[in-house]
Structure formats: structure tokens, C-alpha cells
Amino acid sequence: MQQNQALSRPEKLVRLASWLVALALAGFLVGLGELVIRDLFYLPAGGPPQQEIFQQRQSLPALRGQADALQRQADALRQRQEQLAQARVQLENRYQTQRKGLANWLASREATADPAQSAEIAKRNRELDGLQHQIQQAQQREDGANAQQLDLQQQSQALQQRVGQAETQASQAYQSAFDHYELVVFGWRLALVLPLLLIAVWLFLRYRAHRYWFFVYGYGLFALFAFFVELLPYLPSFGGYVRFLVGIALTVFAGLKMIQAFQRYAERKREELLQSQSERARGVAYAKALQSFQKRCCPSCDHQYNIAGDDADYCIHCGLQLFRVCACGARNFAFFPFCKKCGAAVAQPAVLPDRPASKPE
């Protein structure tokens, strides 16, 4: 691909449209890849492990049912304790009331030997004794309820310990199974995304200059995004190592390819400089000549020619003729097809004797 400065307006529009197509393709592929990577979580073994299954293996539902039953018994017993305590208080209040009534009655009357008064006193004493006995029975029933409540509390505490142990074991088993499942899913995702990345690298190396290069670039953007962005939230705890190791491998691979490309370029330039000026002039493409003219460099050796002055006609590095004078007197770049002043065809660069250029140091 050439620089934008060397392109005409239609070519620039085509280049812009090509990039838009590449970005649109990458966007749709990224959306599709995100859905596929997300749905892969439910593919292995019919879906992720369920926590309820591990709880059933530890008899947690049965233990929780027993704990709930004990809690209901404790609540019912607590209500019974409150009722017993209320009944005892009422008996004690009646006892105190009748005792005060008897004391007041005795104080207002002088004790006599009248049998009727003696019988009344005996009757009231018997009633007080009966109330006292009822109070004792109520206290015994309340003490029994308290003992039952204490026994239920001990049973509930022991059962809660069993429930806690079962929950811990179920949670550990579930977490272990879930971690293994995530590892399997990560392997599936990596097995899907890594080949896509490798295919993208292969396509870029082989078809980056193809006429349909924008498809290659769009797919490459998708593959990079899928590996370094979409896969990131699903990586297990050691996934960072995978991401960085792959990044390091790609960086080393790209660096090696860059060095090899530069070495091939330098070797090609050395071979070109060994050719005659006419052969080198015929090998300069028009787009390359445009770029070289805009950058003020020689299209053959890529060195700056204007260090010798803007009026230099030959490259001081390789000796290639760069400018020539038209019949109208205008000075033109030797690789432009027409004169900038009169519009006449520019003659080819002067062909010197076919002698190889001096080999650069």
C-alpha cells in the first residue's frame, strides 16, 4: 500500500471506503465472536455444575429440615413458656389478693369461739393452701418447659454445627468442580480463539498487499480483539500468563519478521545498486517516484538528494539521474511523464554507459 500523498482523489476515496469495510467487518465479527465465546460457557458437559447437587450429596436439605423442625418446636415451646409464666403470675396475684383479704377480715373482727367464724377462717385458709399448691404446680410446669427449651437449644446447636460442616464441604466440592469446569471452558475458548489469531497472522503475512487487503485487515482486527479483549474476562487465575506469553511470542515473531524484512530490503538495494543506471531507472514505479519526489529522496537508493543543493540533477549517492531540462527550458523530475510547463512528454533519464554503480560502503 502506498502513502496517501501519492494517491489521487478517487484512490483516496477507495482507500477510505476500504478501511470502512474493514472496520465494519471487524465489528460484526467481534459481535459474533462475543456471543460464541459467551455461549461456550454452557456447552461442556451440559452446562456448569449446580451447587444444589453438591448440597444434596452432603444431606444438607435433610439437615436443614431437621433444623427448621427444631426451630418450630422451640418457637412453640417458647409460646407455652410464656403462657405458663402468665398463668403462674395470675395465680400468685390471686393468692396475694386473697391473703390480704383474709388479713383485713381478721383485723376487722375480733376472733371469737363462734363456730361459724372459725369455719370461715378454715375455708379461707384452705383456699389459700389450694392456690399455693396450684402455684407450685405451675412453677413445676414452667421449670419443665425451661428444661425442654434448654434441651432443644443444645440439639439445635449441635445440628447447626453439622449443617455448617456440611455447607463447608459442599461449598468446597462445588468450588473445585466449578474451577475444573472453568478450566475446561477456557480450553475450549482458547482452542477456538488461538487458531483464529494464527490464521490472522498467516493471512496478514501472505495477503496484506492483496487487492482485497481490507478483508484481511478486518479479520486481523477481529482476531486481535477476540484474543486480547474478549477472552480476557473469562481467563482463569493463571490466564494472565497465557495472555502475556502469547503477546511476547507475537512480539518476538513480529520483531524477527521486521528484521528479516529489513535485511531483505537492504540486500535488494545492494543488488539494485550493482545494476546499471538504465536498469535501475526502468525499475522505478511511478508511485514510488511520487513518494520519492515528495520526500526529496532518490527512488533507487532512498537517500536524500537535496543535501547537495536543490539544483542537483544526479543523486550524489548512487549517480542516478533525477532531473532533466525539457526543450522548453523547464527543469522536471526525470520520472514524471509530462513537463510541468509545456505538457510535453518528458524523455527518459539519460542513459549512461552500462556500468554498475559503485557498491556502497
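See the values below:
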{"item": "Number of the condition not met by Cys326 [criteria: (1) surrounded by 13 or more Cβ atoms within 10 Å (Cβ to Cβ); (2) at positive phi; (3) modelled with pLDDT of 80 or more]", "result": "(2)"}
{"item": "Residue selected from the stretch 59-86 under the condition under 17 Å from Ala147 (Cβ atoms) and touching a residue at least 60 places away in the same chain (Cβ under 8 Å), by the criterion nearest to the chain's Cα centre (by Cα)", "result": "Leu70"}
{"item": "Subset of the stretch 24-80 (residues that are hydroxyl-bearing (Ser, Thr, Tyr) and over 30 Å from Leu152 (Cα atoms))", "result": "Tyr42"}
{"item": "Failed criterion for Phe293 (all others in (1) touching a helix residue (DSSP H, G or I) at 6+ places or on another chain (Cβ under 8 Å); (2) surrounded by 12 or more Cβ atoms within 10 Å (Cβ to Cβ); (3) at pLDDT 70 or above hold)", "result": "(1)"}
{"item": "Residue ID - farthest from Leu205 (Cα to Cα), chosen from residues in the stretch 252-290 that are open to solvent by 90 Å² or more (accessible area, probe 1.4 Å) and at pLDDT 80 or above", "result": "Gln263"}
{"item": "Lone unmet requirement of (1) at pLDDT 80 or above; (2) more than 25 Å from Ala266 (Cα to Cα); (3) surrounded by 13 or more Cβ atoms within 10 Å (Cβ to Cβ) for Ala345", "result": "(3)"}
{"item": "Per-region count, the stretch 200-221, residues out of contact with any Leu (no Cβ under 7 Å at 6 or more places or on another chain) and open to solvent by 80 Å² or more (accessible area, probe 1.4 Å)", "result": "7"}
{"item": "Filter result (at pLDDT below 85, loosely packed, with under 12 Cβ neighbours inside 10 Å, in a helix (DSSP H, G or I) and hydroxyl-bearing (Ser, Thr, Tyr)) within the stretch 222-251", "result": "Tyr241"}
{"item": "Scan of the stretch 295-340 for residues that are among the hydroxyl-bearing types (Ser, Thr, Tyr) and either farther than 25 Å from Arg268 by Cβ or part of a loop (DSSP other than H, G, I, E, B) (or both), ordered by number", "result": "Ser300, Tyr305"}
{"item": "Failed item in (1) farther than 30 Å from Leu232 by Cβ; (2) modelled with pLDDT of 85 or more, with Gly27 passing the rest", "result": "(1)"}
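For (1) open to solvent by 70 Å² or more (accessible area, probe 1.4 Å); (2) within 16 Å of Leu60 (Cα to Cα), each residue gets a yes or a no:
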| residue | (1), (2) |
| --- | --- |
| Gln148 | yes, no |
| Gln154 | yes, no |
| Gln160 | yes, yes |
| Gln165 | yes, yes |
| Ala173 | no, yes |
| Ser176 | yes, no |
| His180 | yes, no |
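The values are calculated or read from the model by the stated rules, or taken from the named source; none is laboratory data. Since we're looking at a predicted model, the values are computed, not measured. Virtual Cβ from ideal backbone geometry, glycine too; neighbours counted across all protein chains shown. These accessible areas exclude ligands, DNA and RNA; they are computed on the full protein's heavy atoms, side chains included. Shrake-Rupley method; radii C 1.70, N 1.55, O 1.52, S 1.80 Å.
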